[in-house]
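The values are calculated or read from the model by the stated rules, or taken from the named source; none is laboratory data. As the structure is a computational prediction, the values presented were derived from the model and not from experiment. Glycine gets a Cβ as well: all are built from the backbone with ideal geometry, and neighbour counts include every protein chain shown. Please note that ligands, DNA and RNA were not included when accessible areas were found on the heavy atoms of the full protein model with its side chains. Shrake-Rupley method; radii C 1.70, N 1.55, O 1.52, S 1.80 Å.
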Amino acid sequence: MPSFNPTPNSPPLADKPSVASSPAQLARLPVSPGPGGEENTVESEGGLNLGEIWQALRRRRRLALLVGTVVAAAAFGSTLWERTFSPVYQGSFQLLISDPISNDAAGGAGGTVETLARNRTSIDFPSLVETLRSPMVLDPLRRQLGPAGGLLGAAQVSQVADGVLSVSLSGSKPSEIQEALNSLSTAYLNFAIEQRQRQLNEGLKFLDEQEPKLQFTVNKLQGELAAFRRRYNLLDPESEAGALKGESSGFDASERGLDAERSHLEKLRQGVMAGSLTASSFSTGSAEGVTITQANSDLLAQLQGVEEQLSLARSTYRNDTPRMLSLTALRTRLAGQLRSNQLEALDTALKLNANQASTMAGQRRQVDLQFLKQPALIKDYEQIQQRLTVAQGNLTNFLTTRSTFQLERAQKAVPWSLLSPPGVDGNPVGPKLRQGLLKALMFGIVAGLGAAILRDRFDHVFRSSGEVRDQLKVPLLGHIPHLPFFKGVQQSGRFEVEELDRDSASLGSMAGPYLAGSTPGAQVYQRFAYKEAFRNLYTSLRFLNTDQNLLTVGLTSSTPNEGKSLVNVLLAKTISEMGQRVLLVDVDMRKPQVHHRLGLNNLLGLSSLLTEDHQWREALLPVPGYDNWWVIPAGRRPPDPTRLLSSGRIKELLQQISQSGQFDLILFDTPPVLGMADTPLLAQHLDGLILLVSLDGVDRNLPKEALARIGSTGAPLLGLITNAIKEEERSPNETLYQRYGYAEADGESDQANAPATAAAGWPLRPQLLKLRKQGKGLLRWIDG
């Protein structure tokens with residue numbers, strides 16, 4: 001894995017850079033929470049994060065698969081071993097039970113009394129099972145069976161149906177199982193007989209004690225009932241109360257009839273008063289007690305005759321003629337007489353109706369008074385009757401139950417019976433292969449998941465550039481592989497960039513402290529690998545430049561020691577070699593590194609431009625040997641770099657440099673994002689920011705926090721660069737490079753230049769080195 005800030009002990013590795021090649025993927029991506037806030041956010045501490053667990057399982061899937069497979073195979077192998085060399089046989093028999101303690105407890109002829117006498121309410125199967133497996137039943141049988149008695153401790157008793165028990169034994173010897181089952185079935189049948197006889201005897205004793213008391217109670221209550229009837233001269237108060245209630249109900253019907261007759265008469269009277277009744281309609285009322293006399297009938301006939309004459313006269317005479325006036329007067333007189341007679345008859349009928357209602361009400365009150373005298377007698381009578389009924393029922397049940405118990409005790413029948421005789425299955429029943437396989441799979445899954453999660457907790461870093469891209473959801477611009485010849489950069493304090501361009505022949509003799517020990521072929525391949533990595537990174541920046549002109553780009557990291565400054569130097573070198581004018585500005589005024597890497601003067605730099613009256617070209621330093629590469633160092637360390645980067649002078653300075661037209665690209669080596677405000681302040685004035693993520697070196701939560709910090713400032717994020725700081729697994733593309741001659745120089749391979757004295761030392765050293773290499777390869781494969 002990559003290392004552009006390697007340690008002295010970091011092992012080598014190379015890989016082909018993994019870069020994003022699609023312009024759509026390389027589009028500028030502002031870092032902000034996605035829908036639902038699930039992307040590029042720092043997970044809240046505390047609680048169970050299922051997303052984190054799922055990601056951990058995906059990262060450690062190979063470890064989970066390996067551990068799960070081993071554990072499952074071991075568990076299932078143990079099951080197969082036991083099945084082959086220690087099989088388990090099983091025998092059983094079934095009992096149709098009739099509980100010896102509570103047989104027919106609730107359904108016998110004795111009812112509740114029989115239930116109490118048997119001292120049980122229903123068959124309690126759990127208690128019965130525990131009784132059958134108790135030492136009270138099994139200990140005598142163990143002593144009788146001898147060695148086979150040890151099987152009784154594993155006896156299984158279960159209810160397989162309503163009233164059916166299944167008894168089973170398991171062991172490794174079928175003969176012992178058969179012997180134990182035969183003895184156990186006989187013991188259970190004898191146990192049922194003994195318990196039944198004991199309970200019957202106890203029940204009879206209880207019944208004999210209670211029967212005299214019940215007989216005395218019945219006799220006493222019968223005497224009380226006879227005395228009550230003599231005292232009140234009646235047989236049943238309820239019958240007399242029923243008769244009085246029936247008579248009262250008859251009064252209700254009569255009152256309803258009188259109310260209906262009164263309502264009808266009142267309607268007839270209203271009709272007479274309104275003059276709307278005819279002879280036929282009024283005669284209907286005669287059936288309701290209204291009498292129509294002959295005189296009223298004659299008056300009605302005369303009135304009808306006058307009405308006819310008056311109708312004929314209207315066609316001949318005027319209304320004011322004597323004839324018309326005479327007929328009108330006669331009609332008025334006859335109508336008045338008829339109405340007076342009708343009203344008199346209706347008033348008489350209404351008075352008669354009122355007298356009848358009054359008489360009936362008086363009779364009803366007398367019946368109600370008599371009825372109210374009955375409740376007290378009924379209450380006393382019912383209390384005596386109820387007590388007598390209960391006592392007689394109890395006595396009957398006691399006598400019936402005693403007879404039943406006496407018959408059952410005399411019969412001495414076996415209450416239980418064998419539905420299936422004791423037998424042993426000739427085929428082993430355990431261990432069960434299917435259950436063993438399921439358990440093995442379960443153990444394997446649990447062990448694999450646990451190992452993956454534990455491994456991820458103790459090794460919480462990114463392992464590959466693809467993992468960084470998938471988890472952070474940010475475009476990957478490039479990947480910098482680990483190259484062994486940068487091993488001594490940090491210790492030397494200086495990096496001679498021109499040494500990277502020397503031929504392999506000269507590299508062997510002129511290597512610096514960080515190149516010593518490498519074969520020329522390996523050095524050529526490593527030089528090619530680093531160049532390709534930075535060319536791919538530059539290509540990604542050019543894709544970004546198609547949408548918007550990028551001039552000022554900052555490169556930062558989450559924490560120090562991730563190789564940020566070295567990557568900046570090598571990227572600027574690569575860009576200048578491709579004919580582009582590039583300026584590298586060291587903004588890390590707290591811990592400047594660029595001038596150390598390039599061996600430049602740091603007396604006048606960025607801090608001087610921000611605090612003193614200098615032109616920016618005064619601090620511009622060309623890199624020796626490169627016509628298109630300039631550097632502005634950080635300068636002397638100021639007391640407060642954050643204050644300088646938040647001033648208006650930095651914005652003005654950057655505008656002057658950008659508008660000068662002297663550079664095609666300006667790179668800024670910025671301080672780490674976390675813990676300081678320098679980079680967010682500077683990013684506001686840049687065209688874009690790139691975040692460097694070191695593999696196998698930084699906790700995976702820190703880049704998330706860095707992205708959240710960048711997103712909170714609103715600075716445009718161009719993408720990510722991954723940097724391998726440890727040895728990576730060899731890429732499949734390395735073989736392709738060797739085929740085209742990139743990994744070897746003048747036919748020399750690494751093996752050809754390997755020291756021939758390796759075998760001259762300890763004879764086992766090559767084997768140990770090989771085992772060590774294989775172990776490292778296995779660990780790399782497990783970590784995915």
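Things to note:
- Filtering region 254-291 to residues that are open to solvent by less than 60 Å² (accessible area, probe 1.4 Å), hydroxyl-bearing (Ser, Thr, Tyr) and modelled with pLDDT of 55 or more leaves 254, 263.
- Look at region 681-692: where a residue is in a loop (DSSP other than H, G, I, E, B) and a partner is of a type in the set (A, V, I, L, M, F, W, C), sitting 6+ places away or on another chain with Cβ atoms under 7 Å, you get 684/715; 685/650; 685/654; 686/553; 686/668; 687/550; 687/551; 687/553.
- Residue match in region 401-416 (condition: surrounded by 16 or more Cβ atoms within 10 Å (Cβ to Cβ), in contact (Cβ under 8 Å) with a residue 60 or more places away in the chain, out of contact with any His (no Cβ under 7 Å at 6 or more places or on another chain) and not in a helix (DSSP H, G or I)): yes
- Restricting region 349-395 to residues that are within 18 Å of residue 249 (Cβ to Cβ) and basic (Lys, Arg), the residue that is least open to solvent (accessible area, probe 1.4 Å): 364
- Applying the set (1) open to solvent by 40 Å² or more (accessible area, probe 1.4 Å); (2) free of Cβ contacts under 8 Å to residues at least 60 places away in the same chain to residue 208 leaves exactly one unmet item: (2).
- So residue 152, is it over 21 Å from residue 426 (Cα atoms) and surrounded by 12 or more Cβ atoms within 10 Å (Cβ to Cβ): no
- Residue check, residue 708 within 55 Å of the chain's Cα centre (by Cα), in a loop (DSSP other than H, G, I, E, B) and modelled with pLDDT of 65 or more: no
- Criterion violated by residue 550 - all others in (1) more than 29 Å from residue 697 (Cα to Cα); (2) at pLDDT below 80; (3) under 56 Å from the mean Cα position of the chain (by Cα) satisfied: (2)
- Taking the criterion of being surrounded by fewer than 18 Cβ atoms within 10 Å (Cβ to Cβ) and assigned to a loop (DSSP other than H, G, I, E, B), the residues of region 432-466 that qualify are 432, 459, 460.
- Flag for residue 695 being of a type in the set (A, V, I, L, M, F, W, C), closer than 18 Å to residue 618 by Cβ and surrounded by 17 or more Cβ atoms within 10 Å (Cβ to Cβ): no
- Breaking point among (1) among the polar types (S, T, N, Q); (2) over 52 Å from the mean Cα position of the chain (by Cα); (3) open to solvent by 80 Å² or more (accessible area, probe 1.4 Å), for residue 427: (2)
- Which listed residue is among the aliphatic types (A, V, I, L, M), in contact with a Gly (Cβ under 7 Å, 6 or more places away or on another chain) and open to solvent by less than 10 Å² (accessible area, probe 1.4 Å), from 570, 584, 566, 537: 537
- Given (1) modelled with pLDDT under 85; (2) part of a helix (DSSP H, G or I); (3) open to solvent by 50 Å² or more (accessible area, probe 1.4 Å); (4) hydroxyl-bearing (Ser, Thr, Tyr), number of the condition residue 84 does not satisfy: (1)
- Some residue of region 668-689 being among the polar types (S, T, N, Q), under 43 Å from the mean Cα position of the chain (by Cα) and closer than 24 Å to residue 630 by Cβ: yes
- Scanning region 317-346 for residues that are in contact with a Lys or Arg (Cβ under 8 Å, 6 or more places away or on another chain) and not in a helix (DSSP H, G or I) returns a single hit, 317.
- Where a residue in region 165-183 is under 22 Å from residue 130 (Cβ atoms) and of a type in the set (Val, Ile, Thr) and its partner, wherever it lies, is open to solvent by less than 60 Å² (accessible area, probe 1.4 Å) and not in a strand (DSSP E or B), with Cβ under 7 Å and at least six apart: 167/155; 167/184
- Failed item in (1) within 21 Å of residue 660 (Cβ to Cβ); (2) surrounded by fewer than 24 Cβ atoms within 10 Å (Cβ to Cβ); (3) of a type in the set (Asp, Glu), with residue 577 passing the rest: (1)
Residue by residue, here is whether (1) at pLDDT below 90; (2) not in a loop (DSSP other than H, G, I, E, B) holds:
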site	(1), (2)
506	yes, yes
522	yes, yes
526	yes, yes
532	yes, yes
569	no, yes
579	no, no
583	no, yes
592	no, no
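- Taken over region 588-633, residues that are aliphatic (A, V, I, L, M) and either open to solvent by 40 Å² or more (accessible area, probe 1.4 Å) or more than 19 Å from residue 573 (Cβ to Cβ) (or both) amount to 8.
- Enumeration of residues in region 640-664 that are charged (D, E, K, R), closer than 16 Å to residue 686 by Cβ and outside any helix (DSSP H, G or I): 664
- For region 152-164, a tally of residues being part of a loop (DSSP other than H, G, I, E, B) and either aliphatic (A, V, I, L, M) or touching a residue at least 12 places away in the same chain (Cβ under 8 Å) (or both) returns 2.
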